[in-house]
Structure formats: C-alpha cells, structure tokens
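The values are calculated or read from the model by the stated rules, or taken from the named source; none is laboratory data. Everything numeric here is computed off the predicted structure, so don't read it as measured data. Note that each Cβ is placed from the backbone with ideal geometry, even for glycine, and that neighbours are counted across all protein chains shown. These accessible areas exclude ligands, DNA and RNA; they are computed on the full protein's heavy atoms, side chains included. Shrake-Rupley method; radii C 1.70, N 1.55, O 1.52, S 1.80 Å.
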Amino acid sequence: MTVESPSATPRGSRFILRGGLIVTLDDRLDNFIGDILVANGKIQEVARTIDGGDAEVIDAIRHIVLPGFVDSHRHIWQSSIRHTGIDWDLPRMFVELFKRFGPNFRPEDVYAATLFGRLAALDAGVTTLLDWAHIQNSPDHADEEIGRAHV
C-alpha cells in the first residue's frame, strides 16, 4: 500500500481516497469524513473506513470530495451556439454574442439553451457548475436562465 498526496494521479485501476470530507449531495445522508474505493474507473464503495487490501491509497485529509467534476466558468445560455464562432477573435465574439445573438434570444430560448447546457454538463460528468449568466435582457430572461418558471 502506498500513500500519495491528494494531487497525485492514481497509477493503478484500484485506489482509495482516504480521509476526505465526503459531500454526498443526498438529503438522506450527512456529509462525513471517510473513504471512497474506486476500481476500474467506478466508485465501488463509500464508507467511513474501507479496508481496500492492496489498493493504492491517496491521502484526501483536509480535502473536500464531491461527486463528479466542478466547472467554475460556464455560460450556459450559450450552449446552443457554443461552436458557432470557433475562429472568432475576442472583439468579434463580443459583437456576435452581445449584439447579434443575445438580443434575439427570447426567454424560452434561454430556458431551452440552459436546459441543453445543463444536460450536456451532466453527460460530461460535471455535477457542479458556476453559471456566468449574463443574458438578463429582461426579468423573464433571468427567470428562464435559472429555470424558475419551470420548477
């Protein structure tokens, strides 16, 4: 058994994240200090203590362990046009997004784009994200951005 720093990349297909604060995101469970056993890219067990045998151990003490990936910079309303301007420079991007596309987005377009963007994020393994929601053309646009009208 080896103990690596939390920033270490596991070398094997079976490892344990040991002693991290596990944020479950499950209302039925509390967050707790514990271990996570991963084998072949899938979580096999989550518990306060796991005897992983010869699994590689990664020290997660003083770290928070969240399910999925965290994306701290995403403009979800742009999901439906994400690959439109791959060759644009920054000045052109601002013109296209904020003078051409943005003003033509109706509130229902914002809702559809953000729903698509959220589902695309989940499909990519992103379970936590920070949306840079700057399409508040009206109060209805802002409501649709956060999905309030459909909750």
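Below is a table of values for the structure above.
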| read-out | value |
| --- | --- |
| Every residue from region 72-111 that is assigned to a helix (DSSP H, G or I) and of a type in the set (Gly, Ala, Ser) | Ser79, Ser80, Gly102 |
| Region 94-124, residues that are out of contact with any strand residue (DSSP E or B) (no Cβ under 8 Å at 6 or more places or on another chain) and farther than 20 Å from Glu145 by Cα | Val95 |
| Those residues of region 125-151 which are small (Gly, Ala, Ser), in contact with a helix residue (DSSP H, G or I) (Cβ under 8 Å, 6 or more places away or on another chain) and either more than 18 Å from Phe98 (Cα to Cα) or part of a helix (DSSP H, G or I) (or both), in sequence order | Gly147, Ala149 |
| Matching residues, region 72-92, being within 14 Å of Val126 (Cα to Cα) and surrounded by fewer than 16 Cβ atoms within 10 Å (Cβ to Cβ) | Ser72, His73 |
| Where His141 falls short, out of the listed (1) surrounded by 15 or more Cβ atoms within 10 Å (Cβ to Cβ); (2) touching a residue at least 60 places away in the same chain (Cβ under 8 Å) | (2) |
| Near pairs, Cβ below 7 angstrom, 6+ apart or cross-chain, from region 100-121 (closer than 11 Å to Asp140 by Cα) to any residue that is of a type in the set (A, V, I, L, M) and surrounded by 16 or more Cβ atoms within 10 Å (Cβ to Cβ) | Val110/Ile135 |
| Residues located in region 44-71, provided they are in a loop (DSSP other than H, G, I, E, B), at pLDDT below 90 and under 24 Å from Leu122 (Cα atoms) | Leu66, Pro67, Gly68 |
| Among (1) exposed (fewer than 11 other Cβ atoms within 10 Å of the Cβ); (2) within 25 Å of Gly12 (Cβ to Cβ), the one test that Glu56 misses | (1) |
| Single condition Pro91 does not satisfy, out of (1) under 30 Å from Ile146 (Cα atoms); (2) at pLDDT 95 or above; (3) within 24 Å of the chain's Cα centre (by Cα) | (3) |
| Single residue of Leu37, Leu29 found to be part of a loop (DSSP other than H, G, I, E, B), over 20 Å from Asp123 (Cα atoms) and either touching a strand residue (DSSP E or B) at 6+ places or on another chain (Cβ under 8 Å) or of a type outside the set (D, E, K, R) (or both) | Leu29 |
| From the options Leu115, Leu122, residue that is open to solvent by less than 80 Å² (accessible area, probe 1.4 Å), under 22 Å from Leu25 (Cα atoms) and not in a strand (DSSP E or B) | Leu115 |
